[in-house]
1. Excluding ligands, DNA and RNA, what is the solvent-accessible area per residue of chain A at a probe of 1.4 Å, expressed in Å²?
2. In percent, how large is the relative contact order of chain B, given Cα pairs closer than 8 Å and 6 or more residues apart?
3. Using a 1.4 Å probe on protein heavy atoms, which residues of the stretch A:204-246 have at least 50 Å² less accessible area in the complex than alone?
4. Quick check: net charge around A:VAL52, other residues with Cβ under 15 Å of its Cβ, Lys/Arg +1 and Asp/Glu -1?
5. For Cα pairs less than 8 Å apart in space and 6+ apart in sequence, what is the mean separation divided by the residue count of the stretch A:168-264, i.e. the relative contact order in percent?
6. Which of the lysines could a cross-linker span from B:LYS114 if the Cα-Cα distance has to be under 20 Å and same-chain partners fewer than 8 positions apart are dropped?
7. Could you compute the net charge surrounding B:TYR262? Neighbours are other residues with a C-beta less than 9 Å from the C-beta of B:TYR262; K and R count +1, D and E count -1.
8. In a GNM of chain A with a 10 Å cut-off on Cα contacts, which of A:LEU219, A:LEU155, A:LEU89 has the highest mean-square fluctuation?
Amino acid sequence: MSPYRLLRYLTRIGIYVLVMLAVILSLAPLVYLFITSFKDPNLTFTLPPVWVFEPTLQNYREVLAGGQFEKYFLNSLVVALSTTAIALLLGGLAAYGFSRFRFRGAFWLRMSALVPQMLPPITIIVPLYVLFNGLRLLDTRWALIISYLTFTIPLALWMMIGFFDDVPVELEEAAMIDGCTRLGALVRISLPLVAPGLAATAILAFLYCWNEFLYAVILTGREARTLPVTITSFMTNRAILWGRIAASGSMVLVPVLAFALLAQRYLVRGLSRGAIK
Amino acid sequence: MLPVSQPLRSLTLRKFLRRVEPGFYIAPSFLVMTIILVYPLAYSLWLSFHRWTLRTFKQGIPFIGLENYQQLFSSPEFWNSLRITFTFVFLAVAIEFVLGMGLALLLNHDLKAKGLIRSLILLPMMCTNVVIGLTWRLLFNYEFGIVNYYLNQLGFASVEWLSSPKIALWSVIVVDVWNTTSFVALMLLAGLQSLPEEPFEAARIDGANSIQTFFYLTLPLLRQTILVALLWRLIDTFRIFDVVYLLTAGGPARATETVSIYIYRYGFQSFNLGFASAASYVMILIMLAIAALMARAIGRAETVY
């Protein structure tokens, strides 16, 4: 082997090693959490750490005992699904409007929809708390759905503009010449074509709601509590119940991991608010 | 008269309808956003000039002028939280950018299982922040955490990751870097892959080495993507709440108390909502200033090409 080819070969190995290192570092804490969730609570803190042990479902059983977890799981699910549906409908329509029409002020209107995504959540939650308190909506799913719309509508809007831009206008125009109304052309022609984009946007919006903590911890109590808040309830005054935190955390992460892998092609686009296609 | 004016009227009507047609699609979402955002923001501005505490709000919410703001700016803790926020934002984003750029350059090679690698390294970014904060709290535990255990195995002393005021901020930075570097990398990677090939071929023919190519060609050509990536990282790091809250809750001794946590403490632990609103407004103004600066930089970068 010539020295030049050897060098290239070694560089290639070096690249793979570094990339694998990045992958391992990204996954290690999550893997550790999953492993801990199957350990007997007494083994959580044994040093040196035990990696080979008899897996037990005890932590999961303790989390699920009492039926509270299911209730909060349902809250998380209902809030995230409702918010996603509303945001997709409103944001999708607006995205279509921005994608298909040129009008004065369109650019600034579109830009202004970025502001809610920039606002620190803590600054909106103070007035929202007083507002929902006055409306007697504290500790209801509605309070969460309404406040989650502040970030999911702009997300859906920005992501869907890109997907609608990808659909050729000519297709809709042809349908309209054949007698379709514009709304008909949107529903029959464009909607099926943006379906993958719509799915990706839905997944991302769902995950943002599913993961949200600050609004949930302030606006809900015993009734409308969601899963991220439930996890923190295992940090009691007397002790932090790490086994239960690991088990409930793992359960919360399962849909996240599944959806993230499903929508991975569109994640960067969504996370950069449509700035990258 | 009639046969002439009839089509004319319908023409203007059609014209009018065509002009308002975009409104039909766009108005609903902006209406909803206005109601759920502008009203709270206006209310919070009003609140920032009033006294609202849990003890006094039943008796009324008196106007107190700039008192909340005066109290805020004379509070050393507020300045402390600003200093900590900016230190954290600056260090975290800088490290994420350097590491992210390195990772992007690595991933820009023709690798096997590219899609799988990309989705695996992006997982931390998608995870529930509460879980991330708590998992790292477990890993960083001084006595029983495995980070210290393996450091000991390698011959290093245990580090007080979360309990030393000097180190805690660095631990928060480590977690944020772990959480978001892959996102920066994948954004930059998307930018790298959209670059034209010709300038790079020309550079190779002219005998430029890879370091020269990177600094004189890749970086300038990538400016737009870099600015957008930095903009979002700056804004998101500035807003961060849940990871810090669960990792350190702002401690020890306020060493990791960012502005968000400062506001949370005054708003929802002491329930001084007027004061918290004043602090919120200062935070919003700072954020708008950052966004405006970056938007101008991006606009300027756009005109270059």
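1. For chain A, the per-residue accessible area is 46 Å².
2. Over chain B, the number comes to 29 percent.
3. A:ASN211, A:PHE213, A:MET235, A:TRP242
4. That sum, taken over residues with Cβ under 15 Å, equals -1.
5. Dividing the mean separation by the residue count of the stretch A:168-264 yields 20 percent.
6. Filter leaves A:LYS277.
7. 0
8. Largest GNM mean-square fluctuation: A:LEU89.
The values are calculated or read from the model by the stated rules, or taken from the named source; none is laboratory data. On a predicted model such as this, the values are computed, not experimentally measured, just so you know. Every residue, glycine among them, receives a Cβ derived from its backbone with ideal geometry; neighbour counts consider all protein chains shown. For accessibility, only protein heavy atoms count, side chains too; no ligands or nucleic acids. Shrake-Rupley method; radii C 1.70, N 1.55, O 1.52, S 1.80 Å.
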